[in-house]
Amino acid sequence: MAIKVEQKKNESEEDAKARAFIKPSLRSGVTMSAFTIKGFETNVGSLVDQLDTLCKDDNFNAENMLIAQAHTLDAIFNNLAFMASNNINNNFDAADSLLKLALRAQNQCGKTLQVILQNQQSKLLTGVKNGESLDSGTAIDAIPSNKKMATLVAIDGGKNRRRKKDSLAECV
């Protein structure tokens, strides 16, 4: 399985491979390739290209990793479920174990998709665009104090049961 990695200017082959290796789409493509149902094998490079298209950019960010992870978990689920269906008549215990593993992968895929959706909703609510930080890093002025507003005295519920109407005014 050969994967073509493009080198940038002044980049060594090892650095280009390292850069490619941390791409979620490449890591996911290799794993998905390993868990592909027989008869549906494809070139890892094609999988990586498709995943890159889904992730829409070449920059690393958590959302891209989660999208690639969801696709990988879905591939694992489908392969294990397919293997379980092939073993259901011959070896029920093996089919049962495979199906349990498949359902774990499916459950984790659902959790991953839930995190992606929550992240997207959070970005919509806060107006944060991809790659922006919530913290601008600038100092915020303190709220000015009101010198006329004095601290209120503690009220002892047992001692001050029947307060005078003007008692609050005395504190201010």
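What follows is calculated from the coordinates using simple rules that are stated; it is not laboratory data. Fair warning: this is a prediction, and the values are worked out from it, not measured in the lab. Cβ coordinates were reconstructed from backbone atoms using ideal geometry, including for glycine residues, and neighbour counts include every protein chain displayed.
Rank these for me by crowding, Thr72, Thr126, Thr112, going from fewest to most other beta carbons within 10 Å.
By the 10 Å Cβ count, ascending: Thr126, Thr112, Thr72.
Say each of Phe92 and Ala16 gets a label point 7 Å from the Cα, pointing the same way as Cα to Cβ; how far apart are those two points in nm?
About 5.6 nm, to one decimal.
At 0.36 nm per residue, minus the direct Cα-Cα distance, what do Leu125 and Gln108 gain on full extension? Give it in nm, one decimal, please.
3.6 nm
To the nearest 0.05, how large is the calculated FRET efficiency for Gln7 and Ile116 if R₀ is 30 Å and r is the Cβ-Cβ distance?
Computed FRET efficiency for Gln7 and Ile116 comes out at 0.45.
May I ask you to sort Leu125, Leu113, Leu51 by Cβ crowding, counting other Cβ atoms within 10 Å and putting the fewest first?
Sorted ascending by nearby Cβ count, the order is Leu125, Leu113, Leu51.
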